1. Need one number: the % of Cα-Cα pairs in region 26-143 sitting beyond the 26 Å mark.
2. Would you order ARG38, ARG56 from fewest to most other beta-carbon atoms within 10 Å of each residue's own beta-carbon?
3. List, in the order given, every pair from LYS44/LYS86; LYS120/LYS142; LYS44/LYS113 whose Cα-Cα distance in the structure shown is over 24 Å.
4. Rounded to the nearest 20 Debye, what is the dipole magnitude of region 26-143 about its Cα centre when Lys and Arg each give +1 and Asp and Glu each give -1 at the C-beta?
5. So for VAL59, VAL68, fewest C-beta neighbours within 10 Å to most, what's the order?
Amino acid sequence: MLYCHFANLFAFWQSFFLSIAFVKKPVSHIGQKIKRIRAFKGMKQEDLAKKIGKTRSMVSYFERTGIVNKYTLIEIAEALSVDVEKLEHADLNSIGNIVEEKKSEVAKKDNCKETIERQKAEIGFLKETINHQWKLLQELAKKK
């Protein structure tokens, strides 16, 4: 009876370790990252395909296989508004962070553009003020 118990226990552990050894680990490739970002942004494959000038089936192929040349990858990254380097080196769990970082970068650029426009307007105002004061000084100099 004790022998049966040990045999059952041995069989259990043997099957457990074999199941661990043969568990297929998910391999993260660039296609899965593209798919996740596209989905995160609410885009369909057709939408992405139109933006990069490819067919929907080609986008599907990229996402399934991860096989995509660097020029197409650049187009995809631009269409998804994501940095290529971050896309290549990110893991699947940090895709949301990449998209949010890009949004904040765009917001910063927009904020910088607004600041530049405001400063240009101030410079224009200051130039007008200086010109007006210069004319006043010239008129005062003529009167003396």
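Nothing in this text is a laboratory measurement; each read-out follows from the coordinates by a stated rule. It should be emphasised that the depicted structure is a prediction, and the values quoted were computed from it without experimental measurement. Ideal geometry is used to build each Cβ from the backbone, glycine not excepted, and the neighbour counts take in all protein chains shown.
1. 43 percent
2. Values: ARG38 19, ARG56 14.
Ordered from fewest to most neighbouring Cβ atoms within 10 Å, ARG38, ARG56 come out as ARG56, ARG38.
3. Checking Cα-Cα distances, LYS120/LYS142; LYS44/LYS113 exceed 24 Å.
4. 300 debye
5. VAL68, VAL59
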